[in-house]
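First the structure, in the form of structure tokens, and then the observations on it.
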Amino acid sequence: MSSIGKSTYKLLGDFQRVSKFLQDNYTREQKNGYLMQPFFEYAHTHPMFNHSLTHRFGLWEEEGRVVAVACYEMNVGEAFLCAGRGYEHLLGEMLDHAEQQLSVEKEGKRVLHVWTTDTQQQVIDLLTDKGYTLAHEESITIYPYSRGFDRPVLPLGYTAISLEEENDFHKIHECLWKGFDHGDNPDDDVDCRMLMQSGPNFRKDLTTVVKAPDGSYACYAGMWLDEANGYAYLEPLATVPAHRKKGLAKAALMIGMEKTSKLGAKYCYGGVFEYYNHLGFENAGKRLAYKKQW
């Protein structure tokens with residue numbers, strides 16, 4: 001009988017192994033507790049991701065194969081617990097690991113938020129039994145490709161292109177800086193935008209920007225594809241405030257989704273329901289954050 005061993009995550013050595021596990025374990029209903037492979041990879045390339053503490057991630061392996069992982073998205077203080085099918089009995093040990101390695105100290109107490117979804121009843125029951133309380137919930141949105149791709153006509157002077165056609169990091173930085181409402185004067189950290197294109201599954205051909213009449217980037221829509229499971233994942237989507245309410249985001253999004261449809265995707269994950277509902281996305285469950293202090 002094989003035994004299950006525990007180890008810590010090695011950023012350079014284990015990324016692809018964990019990615020394969022997340023793909024192999026994915027189902028549309030369970031979503032790995034929202035720890036999907038594109039979500040995991042995008043976080044690793046995000047400027048806010050804490051690369052220096054990834055050794056605190058816990059891995060459980062059997063015969064050299066990853067069967068469970070406990071990690072954060074961006075930084076300590078939060079945790080995702082993903083146990084492979086048939087390995088749910090590890091969840092208690094995984095939570096213990098998260099409390100020891102992924103929690104943070106605030107005002108003399110340890111604090112941890114654990115993310116899951118409303119379909120992960122075993123995780124919810126475990127968290128409740130261990131003294132966690134629901135602190136936050138938000139909708140999970142999906143655009144089913146059976147709806148088709150209603151692409152609005154861009155205003156005069158605006159053009160949609162992929163990053164294969166033009167990939168100006170300075171323009172991307174300005175677009176995302178302003179698009180996420182950081183202000184009118186971007187800093188000079190263009191390297192962070194280069195980092196965001198460093199993931200092994202980043203696709204310039206699937207990423208769409210809308211150029212304004214002056215040549216600047218007015219809208220940016222990043223698109224990731226899990227070909228093994230037939231879905232796309234949108235991240236990030238941003239429109240510069242001066243160019244909003246012109247249909248740019250919808251146009252860029254529809255272009256990216258239509259491209260992934262041709263590559264086998266059947267649906268795409270979006271963001272907060274209140275906005276994405278207007279783009280045709282449907283509610284597909286909830287992401288839940290449970291919190292504990294001790």
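A few points about this structure:
- Count of Lys pairs (Cα-Cα under 21 Å; at least 8 positions apart or interchain) in the stretch 4-131: 5
- Bridging of Lys262 to aspartates and glutamates at a Cα separation below 20 Å is possible for Asp150, Glu164, Glu165, Asp205, Asp226, Glu227, Glu235, once same-chain residues fewer than 8 apart are set aside.
- Going from the residue with the fewest nearby Cβ atoms within 10 Å to the one with the most, His136, His243 rank His136, His243.
- The alpha-carbon atoms of the chain define a convex hull whose volume equals 141 cubic angstrom per residue.
- From the Kirkwood radius over Cα pairs of the stretch 8-154, Stokes-Einstein at 4 °C and 1.567 mPa s returns a whole-number translational diffusion coefficient of 79 µm²/s.
- Short to long, the 10 Å bins of the Cα pair-distance histogram for the stretch 226-294 hold 17, 43, 27, 11, 3 percent of all pairs.
- The alpha carbon centroids of the stretch 228-294 and the stretch 1-68 are separated by 23 Å.
- Helix-only arithmetic for the chain: the sum of -39500 (n - 2.57) across DSSP H runs with n ≥ 4, divided by the residue total, places the mean residue ellipticity at 222 nm at -7500 deg cm²/dmol.
- GNM flexibility winner over the chain from Cys192, Cys71, Cys175 (Cα, springs under 10 Å): Cys192
- Residues Asp24, Asp188 arranged by fewest to most Cβ contacts within 10 Å: Asp188, Asp24
- Using a Gaussian network model of the chain in which every pair of alpha carbons under 10 angstrom is joined by a spring, one finds that among Leu35, Leu195, Leu156 the greatest mean-square fluctuation is at Leu156.
- Whole-number percent relative contact order across the stretch 145-283, with pairs defined as alpha carbons under 8 Å at least 6 apart: 28
- Equivalent ellipsoid of the stretch 71-117: semi-axes from √(5λ) of the C-alpha gyration tensor, largest first, are 22, 11, 7 Å.
- Of the residues His46, His89, His173, the one that moves most in a GNM of the chain with alpha-carbon contacts below 10 Å is His89.
- Residues of type lysines that Lys259 reaches as a straight line, Cα spacing below 20 Å, ignoring anything fewer than 8 places off in the same chain: Lys204, Lys211, Lys250
- Relative to the Cα centre, the charge distribution of the stretch 1-143, modelled as +1 at Lys and Arg Cβ and -1 at Asp and Glu Cβ, gives a dipole magnitude of about 340 debye.
- Annotation: the residues Met194, Met48, sorted from fewest to most other C-beta atoms within 10 Å of their own C-beta, follow the order Met48, Met194.
Coordinate-derived values only; no laboratory data. Quantities reported herein were computed from a predicted structural model and do not represent experimental measurements. Positions of Cβ are generated from backbone atoms using ideal geometry, with glycine treated the same way; all protein chains shown enter the neighbour counts.
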